[in-house]
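*Asks:* So that we are looking at the same thing, I have put the structure below in structure tokens.
All of the numbers you see were taken from the coordinates with simple rules; none came from a lab. All values reported here derive from a predicted model rather than from experimental measurement. Positions of Cβ are generated from backbone atoms using ideal geometry, with glycine treated the same way; all protein chains shown enter the neighbour counts.
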Amino acid sequence: MKNAERENRGARDAAAILPFVSVVLIFPPLVYIFAAPVAVAGVPLIVLYLFGVWAAIILAAYLVSRRLKPGVEDAAIRASSPGRR
Amino acid sequence: MLPADVVILVCLVYVLILFAVAFAGDRRARKDQGGWLSSPLVYTLSISIYCTSWTFFGAVGSAARNGLEFVTIYLGPTIVFVGWWIFLRKLVTIGRIHHTTSIADLISARFGKNPALGALVTVVALVATAPYIALQLKALTASYQVITFHAGAVTAANIPLAPDYSTAFWVAAGLCVFSIIFGVRNIDVNERHQGVVAAIALEAVVKLVALLVVGIWVVSSVGDLPAGAFAHAPVSLLDPEGTFGTRWVTLCFLAGAAVICLPRQFQVTVVENSSESQLRTASWLFPAYLFLICLFVVPIALAGLGRLPSGSNPDLFVLTLPLSAGQDTIAMLAFLGGFSSATSMVIVSSIALSTMISNHIVMPLALRFSLVPEASAQMMRSFILGARRASIVFIILLGFLYFRLSGTSEALAAIGLISFCGVAQFLPSLVGGLYWRRATERGAIAGIAAGFAVWLYALFLPSFGDSFVMSATMIREGPWGLEWLRPHGLFGLDRFDSLVHAVIWSMLANITLFVGVSLATEPTPLARYQSRLFVDVFRRQTEGEFSVIRRIARVAELRQIADRVLGASEALALFPGGTARDPNAIASDDLISQVEHRLGASVGAATARALVSSVVTSESISVDELKRLADETEQIRAYSAELERNSRQLEAAAAELTRANARLREIDMQKDDFLSQVSHEVRTPMTSIRSFSDILLSNPDLPAGDMDRYLRIIQNESLRLTRLLDGILDLNRMENGVMGWDGRPFDPEAALDRAMESCEALAKAAHVAMKRRARASKVVVDGDEDRLAQVFINLISNAIRYNTSASPLVTVTTAVRKGAYEARISDNGPGIPEGERDRIFAKFARGPMPRQVGAGLGLAISRQIVDRFGGTLELASPGGGGAEFVLTIPLHTNPAAKRPS
């Protein structure tokens, strides 16, 4: 139980950090490193980088969302929320 | 080419299928609300109406023109959704708990259900959506024209096709019909449209599949993968450094803002949301959808650049590529994909906007001018529905007008970005409203209005070219030739392109005014209450509004309103049976809030409040409750401050007690001392009286001289005893304040003169000279003249008595110093040793002299008397020898009597 709680908190922190990491990865200045006119197997490096980072972000979001369990607060809200139609 | 009738037929069949899906969806939703329709997958697919024909056609065009820039439009939303835990979760939870009907409803509800704010947001959203709808009309019309062009698609894409406005008109009309049939058949609680959601989810699948099919076909038709696909890459893709400037950041920001603030995105993301698990899945599934949509955009764009003649419209590559290769089926699928993306956007946008217009503009106006039909529930409901239907027509017409007026020169992406910048004006108020308690309704109004005005001037109006309001010269050189007012270079800031420029200035104006005005104004009590509900949505349970706001309304009248807006069966559930029997029954606060809450879910919070207020006869806000609800930290801070204050008070009281206790002990000790001293003092004369009287009694034949001497001693000792007891009595009376006190203004000099006179005999006997030095003139003090004289006599006689000098001298000096009468009595005697200085004012203290005659109470009594005058009696610091007493008494305070003539 304690373990699960710790894991959940870790996932929450990860969920909060993820968008900021994403911003750092796709915004200048970091993106300039990969904006050089270089091609890997005929594909421009920047295309590979952007789509690769994008896919990685989505994968990370998937993993995080699977670990996130609804917190106590959410359960409380659900309980108090009036019947929905 | 494809024959026009085939295309139309396919479209009609497709629309019929959508109808069927929507119908089935609605029916299913009514039967089972937890079914697959509210599954996270359908929710995510409905959010993907973000991908309109701008994405379907425009992304390829953007990639062909500007390289990777098109990705920003999808990266922004990716970041927002991936970061759902930070912002979206809060937004969606608030929307779900408060039954929000639109973004205007949410913003106006947050800022005290302010109707003006709701109307402003609606107007901004309406104007900002017009270019977006025009974009869809343009894409639909152009794709239809190209696919049915008689000379073949390649030619069609190659020549600048004049837009066919009649086609556009019919497309617009068809969209109106579809939206009306689906969106506004009924006004139901929560404004959720599950049938429509089902239909747009299907459309989302169709457009994704269509684009993937075209993409896979394009990629599979080139050899030498993957290098072959990038054979015709433009410079912007091969050397992409220029792509990542301010424009990159700005576009990411705008897209992220738009995916929250666009009325239709708000509708599908917040209003249609029914649980957090939906959002949890969408947080990664929606970005994944965007990723898939974008995956083949670059290859398609590159193929188009390579294979089609130069000059072809890149916005239509998705369609013209398969057409030019004779792949009619793929082309038809692509057309349907574009059709899907455009129609779903227009339908949801118009539904969302029509709700906003009817709730925030039509209803408040109708209520204000009493235009709402009150006759029957049926009429009220049909009035609302009519307003919504008319709004839909109006919205689509506005889009059509923009399309007609602006011409068609611009790329799809450029038109869409104008809308993005417009709706981004909601972002500061939305984010601020969710996290900043201090944000006020006036701040929100000022911010949005200012941002909107700047956007209109710097981006929207110039987008018409010179065909609407602004002339070409005005856009180029500024109004009246004022350079610094150029729409694309305000205040000379012209190093950015027009979009970035407009974003910078509008956001700057918006945020500055929002924050500034919020800091300068106070929120209304209701806004303060709402801010607490919104900002602390995860922290606290929602308490009923009735705890703060006390309202009085009749049950019957409330029932009437609920009947009219919600319908009879819905209303029945709200009112427990039988309450309506008594026409004058008063509704509880709870019931009133409940009715308002339910109405809000249908017509928006501001309108619901206005409706309920129309039957509320009295409304009062409990200040105490508001205080209680004041910011939690504020409360804790106040509480701890109070604790601190209390503990400080306690500390002070304890110190006071300690001091008082010490003083009591001291007094107790003094009393003991006094008693023992008194006994001692009394004992000495008593002893001598007794022994002499014994001698007299036992020796009756004593010589007459001796007898006479002994009797004299007895008399002297008795006198001394009497003096002593008189002194003690005096002192006691003085201390207890019961001594006779003749309080009135008098001249202290007179008392001094009297005292000196009475001491003259004593001085002569002791051969002491008395000298009067400087004397104060015209002095008046308050108090008892005799008592002061007594003090003087005591001081002077002491000076005479204890003077052992060879030529004894007593000097008396008086003066007025620092607003007080001061008398100094000094002698040239031995003075008072350092160790005795404090002791001499104590009772029974005598000078260390052999000639002891007094009871040792004189100085103690004198000091008591001077204290009573409010003055001080002190021993001056030792100077040249001898003792000097200083007496200070405050002057008479009444100015009228100060100078007695």
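*Asks:* Only bridges with both residues in the protein assembly as shown count here: give the DSSP antiparallel percent, nearest 5.
*Replies:* So the antiparallel bridges amount to about 90 percent of the total.
*Asks:* What is the helix-to-structure angle for B:525-535, meaning the angle in degrees between its Cα long axis and the longest Cα principal axis of chain B, kept from 0 to 90 and rounded to the nearest 10?
*Replies:* That works out to roughly 70 degrees.
*Asks:* Another question, then. Pick out, in residue order, every one of the trypsin sites (Lys or Arg not before Pro) in the stretch B:454-531 that is DSSP loop and has at most 12 other C-beta atoms within 10 Å; say none if there are none.
*Replies:* Passing sites in the stretch B:454-531 are B:Arg495.
*Asks:* Taking 2.2 N^0.38 Å as the expected size of a compact globular protein, what ratio does the Cα radius of gyration of chain B give against it, to two decimals?
*Replies:* Against the compact-globule rule of thumb, the ratio is 1.73.
*Asks:* Suppose every Lys and Arg Cβ carries +1 and every Asp and Glu Cβ carries -1, with no other charges. What dipole size does chain B come out with about its Cα centre, to the nearest 20 debye?
*Replies:* 540 debye
*Asks:* Which trypsin sites (Lys or Arg not before Pro) does the stretch B:790-840 hold that lie in a coil by DSSP with at most 11 other beta carbons within 10 Å?
*Replies:* The qualifying sites are B:Lys818.
*Asks:* I'd like the distance separating the alpha-carbon centroids of the stretch B:1-46 and the stretch B:718-760, in whole Å.
*Replies:* Answer, in whole Å: 115.
*Asks:* Compute, for the stretch B:440-522, the length of the dipole vector about the Cα centre, with Cβ point charges of +1 (Lys, Arg) and -1 (Asp, Glu) only. Units Debye, rounded to 20. Walk me through the numbers on the way to the answer.
*Replies:* Values: 4 positive and 7 negative charges, 7 e Å.
The calculated dipole for the stretch B:440-522 is roughly 40 debye.
*Asks:* Could I ask something else about it? Take the alpha-carbon positions of the stretch B:744-897, form their convex hull, and give its projected area averaged over all directions (one quarter of the hull surface) in nm².
*Replies:* Computed as one quarter of the Cα hull surface, the answer is 8.8 nm².
*Asks:* Which order do the peptides B:395-404, B:311-320, B:325-334, B:710-719 take when ranked by the mean count of other beta-carbon atoms within 10 Å per residue, highest first?
*Replies:* B:311-320, B:395-404, B:325-334, B:710-719
*Asks:* Here's another thing I want to ask about it. Using only Cα atoms and rounding to the nearest 10 degrees, what angle (0 to 90) does helix B:441-455 make with the longest principal axis of chain B?
*Replies:* Approximately 40 degrees, to the nearest ten.
*Asks:* Rounded to two decimals, what ratio of Rg to Rh does the protein assembly as shown give with C-alpha atoms and a Kirkwood Rh?
*Replies:* 1.37
*Asks:* Taking neighbour counts of Cβ atoms within 10 Å as a proxy for exposure, in what order, fewest first, do A:Asp13, B:Asp784 appear?
*Replies:* Least to most surrounded, the residues fall as A:Asp13, B:Asp784.
*Asks:* Could you tell me what percent of the DSSP beta bridges with both partners in the stretch B:717-826 are antiparallel, to the nearest 5?
*Replies:* Taking every DSSP beta bridge within the stretch B:717-826, about 70 percent pair in antiparallel fashion.
*Asks:* Determine the shielding of peptide A:30-36 by partner chains: average, over its residues, the number of Cβ atoms on other chains within 10 angstrom of each Cβ. Could the numbers behind the result be given before it?
*Replies:* Working: counts 1, 6, 3, 0, 2, 7, 3.
Neighbouring Cβ atoms belonging to other protein chains average 3 per residue here.
*Asks:* For B:Ser693, what charge total do you get from the other residues with a beta carbon under 15 Å from its beta carbon, if Lys and Arg give +1 and Asp and Glu give -1?
*Replies:* Surrounding charge for B:Ser693 is -1.
*Asks:* Pairs on different chains or at least eight residues apart, Cα atoms closer than 26 Å: how many lysine pairs in chain B fit?
*Replies:* Within chain B, the lysine pair count is 9.
*Asks:* Turning to a different aspect of this structure: Along the Cα→Cβ direction, 7 angstrom out, place labels at A:Ala39 and B:Ala704. What is the inter-label distance in nm?
*Replies:* It is 16.1 nm.
*Asks:* Rounded to the nearest 500 deg cm²/dmol, what is the calculated helix-only ellipticity per residue at 222 nm for chain B, with -39500 (n - 2.57) per DSSP H run of length n ≥ 4?
*Replies:* Result for chain B: -20500 deg cm²/dmol, rounded to the nearest 500.
*Asks:* Nothing charged except the Cβ atoms of Lys and Arg (+1) and of Asp and Glu (-1): what's the magnitude of the dipole of the protein assembly as shown about its Cα centre? Round to the nearest 20 debye.
*Replies:* Working: 89 positive and 81 negative charges, 141 e Å.
The calculation lands at about 680 debye.
*Asks:* Net charge near B:Leu702, counting Lys/Arg +1 and Asp/Glu -1 over other residues with Cβ under 15 Å of its Cβ?
*Replies:* With Lys, Arg at +1 and Asp, Glu at -1, the net is -2.
*Asks:* Could you state the angle between the C-alpha long axis of helix B:858-869 and the longest principal axis of the C-alpha atoms of chain B, as a value from 0 to 90 degrees rounded to the nearest 10?
*Replies:* Its long axis makes an angle of about 40 degrees.
*Asks:* Also, I was wondering about something else. Decide, for the stretch B:632-736, between rounded, prolate and oblate: order the square roots of the alpha carbon gyration tensor eigenvalues as a ≥ b ≥ c, take rounded if a/c falls under 1.5, and otherwise choose prolate if a/b is larger than b/c, else oblate. Mind showing how you got there, number by number?
*Replies:* Numbers: a/c = 11.87, a/b = 5.78, b/c = 2.05.
Judged from the Cα gyration tensor, the stretch B:632-736 comes out prolate (a/c at least 1.5, a/b above b/c).
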